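*Asks:* Mind looking over this structure? Questions follow.
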Amino acid sequence: MKKVITYGTFDLLHYGHIRLLERAKALGDYLIVGVTSDEFDKARGKINVRESVYERMENVRKTGLADEIIIESYEGQKIDDIKKYDVDTFVLGSDWAGKFDYLKEYCEVVYLDRTEGISSTDLRDHTSLKLGLIGKSSNVDKVKHEAVYVDGLEALRPVSGNDAGEVDSLLSECDAVYVYSVPGKHYELVKKALNAGKHVLVESPVAETREECRELFALAKEKNLTLMEGLKTAYSTAFQRLLLLLKGGKIGRIVSVDAVCTSQKPAADEEMRWGSIADWGPTALLPVFSILGTDCREKRIVTWTEDAGSDKTAAEGDKAGQAKPAAEDEKHGQAKPVFDRYTKVDFRFDRAVASVQVGKGMKSEGELVISGTEGYAYVPAPWWKTDFFEIRYENTDENQRYFYQLEGEGIRYELVAFLQAVGGKASAVEIPENVSEAIAGIMEDYAEGRDVTKLAD
């Protein structure tokens, strides 16, 4: 029996794919088709695949041409597969000519001419989602830049979000919006967009309170719209892979999660007015709630703020949409924090603890450490942009390192997940609503002074 093997993404299966499979099948008696996994596609920079690996495998199966379908999930697998399945002929499209000549050491290599005039990219390009941008910041500029790399997405001009007429005009032109504003405006802007029938990708936190967060997600469901929290770290391949390993028991039972996020920016920086809990808090809280869940038994917040009595701080707190300074919080008997340069939150769960540290205008090692009964996971600074992490054990010979390509700081992966959700495709990567609500809850508790202790200047 002569065995033939070929590989591909096979996204949006079309005639060109089928023709390639037919010709590959004709070269032998038994055809093996390798379909690339979602993670492997991302690692290779192919991020805008519309269908999941299981959908793509099913579409290949329905052609009736494949005798066996396998998943390609890592670099170098082709050699392993050729040996494992005793393959006689390796087949790929002519656009890869010469790329896999090294496999001639193991089997015959054939490059077939591609069918002209059709491709998955062309099919994806036929649909375009117009994304309006609300906000004026470097982050909005990055989203506009990264949208260029996402097929089927067109980013429109950004508006500040401060002018209602300007926002209304943008909403009349777009299909969806990306919102990046001071947290205090998120609820108002997201609700307005949803009521206008627009899908929304909003930078974390979704809202400033648990109730507002629940209300917005309920409104999105009622109107059959997508509301997604924008937190680029959550959509990166490395972070998602880390979560899968941890949930699979790679380091045993998890007993501690410690995350640090800081930036040393001058006080005059416009973004400094957000404070560290609003700016860095959601990112630092993401691994805590993603790994340990949201059922926290106890927490303690310690914060260092600017002088709560100064006129400058009052103006900044009002502009940022955070709680204005008060001499005393009548309900809790503490001064309400306004603009924090440093905040530390300690959590106690049933079987684990966690700690997050965030700061602006100060600096610490921005690493993520997850401790378990059998080992620990270490993600070096800046962990929120990582393309690498390590699983470490008592016996260092057992340590394992994981590397994943990170394009565009993870923003383009976030945009792809949003585009898939809008298109009705369930994304394998998403921030669960309960995690979004838990993040909003910490923002609310901080603003209201619950469980908050203020450090003396």
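*Asks:* State whether the residues of the stretch 426-446 include one that is over 23 Å from Glu208 (Cβ atoms), out of contact with any helix residue (DSSP H, G or I) (no Cβ under 9 Å at 6 or more places or on another chain), of a type outside the set (S, T, N, Q) and surrounded by fewer than 20 Cβ atoms within 10 Å (Cβ to Cβ). Give the derivation first.
*Replies:* Pass one, the stretch 426-446, residues over 23 Å from Glu208 (Cβ atoms): 426-429.
Now narrow it down to the ones that are out of contact with any helix residue (DSSP H, G or I) (no Cβ under 9 Å at 6 or more places or on another chain): none.
Checked the stretch 426-446: no residue is over 23 Å from Glu208 (Cβ atoms), out of contact with any helix residue (DSSP H, G or I) (no Cβ under 9 Å at 6 or more places or on another chain), of a type outside the set (S, T, N, Q) and surrounded by fewer than 20 Cβ atoms within 10 Å (Cβ to Cβ).
*Asks:* List the number of the failed condition for Ala354; all other conditions in (1) farther than 25 Å from Gly408 by Cα; (2) of a type outside the set (Val, Ile, Thr); (3) at pLDDT below 95; (4) touching an Asp or Glu at 6+ places or on another chain (Cβ under 9 Å) hold.
*Replies:* (3)
*Asks:* Next question. Just to be sure before I move on: is Arg210 farther than 17 Å from Pro287 by Cβ and of a type in the set (D, E, K, R) in the structure I sent?
*Replies:* Yes.
Matching residues to (1) closer than 30 Å to Thr343 by Cβ; (2) out of contact with any helix residue (DSSP H, G or I) (no Cβ under 7 Å at 6 or more places or on another chain):
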position	(1), (2)
Ser371	yes, yes
Thr386	yes, no
Asn399	no, yes
Gly449	yes, yes
Val452	yes, no
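*Asks:* Moving to a separate point now. Can you tell me how many residues within the stretch 372-392 are out of contact with any Lys or Arg (no Cβ under 7 Å at 6 or more places or on another chain), more than 30 Å from Val200 (Cβ to Cβ) and surrounded by 15 or more Cβ atoms within 10 Å (Cβ to Cβ)?
*Replies:* 4
*Asks:* What strands (runs of 3 or more DSSP E) completely inside the stretch 346-426 contain at least 1 residues that are touching a residue at least 12 places away in the same chain (Cβ under 8 Å) and among the charged types (D, E, K, R)?
*Replies:* 353-360, 388-392, 400-403
*Asks:* Select from the stretch 142-157 the residues that are under 16 Å from the mean Cα position of the chain (by Cα) and outside any loop (DSSP other than H, G, I, E, B) and write down the one among them that is nearest to Tyr178 (Cα to Cα).
*Replies:* Val143
*Asks:* Counting only residues that are in contact with a strand residue (DSSP E or B) (Cβ under 7 Å, 6 or more places away or on another chain) and assigned to a loop (DSSP other than H, G, I, E, B), which one in the stretch 276-302 is surrounded by the most Cβ atoms within 10 Å (Cβ to Cβ)?
*Replies:* This residue is Trp280.
Yes or no, residue by residue, for (1) assigned by TED's automatic domain parsing to the domain that holds Glu444; (2) of a type outside the set (A, V, I, L, M); (3) assigned to a helix (DSSP H, G or I):
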site	(1), (2), (3)
Ser181	no, yes, no
Gly197	no, yes, no
Ala207	no, no, no
Cys213	no, yes, yes
Phe217	no, yes, yes
Lys221	no, yes, yes
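*Asks:* Would you mind stating whether Val255 is at pLDDT 95 or above, part of a helix (DSSP H, G or I) and not assigned by TED's automatic domain parsing to the domain that holds Val140?
*Replies:* Spelling it out, it is not the case that Val255 is at pLDDT 95 or above, part of a helix (DSSP H, G or I) and not assigned by TED's automatic domain parsing to the domain that holds Val140.
*Asks:* Now for a separate question. For Val179, all conditions in the list (1) of a type in the set (A, V, I, L, M, F, W, C); (2) closer than 30 Å to Glu394 by Cβ; (3) in contact with a helix residue (DSSP H, G or I) (Cβ under 6 Å, 6 or more places away or on another chain) hold save one; what is the number of the exception?
*Replies:* (2)
*Asks:* Here is a further query. Which of the residues that make up the stretch 153-175 are touching a residue at least 40 places away in the same chain (Cβ under 8 Å), under 30 Å from Leu406 (Cα atoms) and surrounded by fewer than 21 Cβ atoms within 10 Å (Cβ to Cβ)?
*Replies:* Asp175
*Asks:* Which residue pairs have Cβ atoms under 8 Å apart, sit 6 or more places apart or on different chains, and have a first residue in the stretch 211-234 that is touching a residue at least 24 places away in the same chain (Cβ under 8 Å) and over 17 Å from Tyr178 (Cα atoms) and a second that is small (Gly, Ala, Ser) and part of a helix (DSSP H, G or I)?
*Replies:* Glu212/Ala440
*Asks:* If you go through the stretch 189-201 one residue at a time, do you hit one that is surrounded by fewer than 22 Cβ atoms within 10 Å (Cβ to Cβ), without any contact (Cβ under 8 Å) to a residue 40 or more places away in the chain, of a type in the set (D, E, K, R) and closer than 17 Å to Gly132 by Cα?
*Replies:* Yes, that holds for at least one residue.
*Asks:* With the requirement that a residue be modelled with pLDDT under 95 and of a type in the set (Val, Ile, Thr), what does the stretch 429-451 give you?
*Replies:* Val429, Ile431 - these are the residues of the stretch 429-451 that are modelled with pLDDT under 95 and of a type in the set (Val, Ile, Thr).
*Asks:* Among the candidates Val87, Val91, which residue alone is over 30 Å from Ala421 (Cβ atoms), in a loop (DSSP other than H, G, I, E, B), outside the structural domain of Ile411 (by TED's automatic domain parsing) and at pLDDT 90 or above?
*Replies:* The match here is Val87.
The values are calculated or read from the model by the stated rules, or taken from the named source; none is laboratory data. Since this is a predicted model, take the numbers as computed values, not measurements. Quick reminder, even Gly has a Cβ in these numbers, built from the backbone with ideal geometry, and neighbours come from all protein chains shown.
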